[in-house]
Structure formats: C-alpha cells, structure tokens
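To start, the structure under review is shown below, and the notes come after it.
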Amino acid sequence: MLLSSIFSNLVFFPNLYSQINTILTFFSFTSCSQFLFSYINNFKNRLLNFYIFHFFWNFLLLLRLLWFLFTIFLFC
C-alpha cells in the first residue's frame, strides 16, 4: 500500500521536486532514499536533456525550411 501510494504520487505530481520530497519523507536518510533520489534526479536530467535537444533540433529544421522557402520565393 505504501509503495502504491508512492508510485501514484510519482505519476500524478506535476513537480519533480515535490515528488522527491514526498519519497524522502517515507524513506528518510536510508540507502533506499539515496537510491530513489539519484534515480529521480537522473531521470529528470535525462528528460530535460531530451527536451532541450529536440527543441533546438526542431528549431534548426524550422530555420532550414524558412531559408528554403525564402530562396524559392526570392528566385521565382
């Protein structure tokens, strides 16, 4: 029951820092809490890097598309 409430909090809380605080209140200062903290922190960093990379990649694709359209309209 305790684990299901923790995992439901992981799913439904929008803020990752509140998720970390919720988990650490259940497992305070144990190796399990350190593991969960590092796991969630790693997951947050990977998710952030993923979104940053795709944002810039899509931005570059958009610039290429705009440049292509600009050259077509310029020379037609």
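The values are calculated or read from the model by the stated rules, or taken from the named source; none is laboratory data. All values derive from a computational prediction rather than experimental measurement. Methodologically, a virtual Cβ is constructed for each residue, glycine included, from the backbone with ideal geometry; neighbour enumeration extends over all protein chains shown.
L3 satisfies every condition listed in (1) of a type outside the set (F, W, Y); (2) modelled with pLDDT under 70; (3) surrounded by 10 or more Cβ atoms within 10 Å (Cβ to Cβ); (4) more than 21 Å from the chain's Cα centre (by Cα) except (3). Among the numbered conditions (1) at pLDDT 80 or above; (2) exposed (fewer than 10 other Cβ atoms within 10 Å of the Cβ); (3) of a type outside the set (S, T, N, Q), the only one that F12 does not meet is (1).
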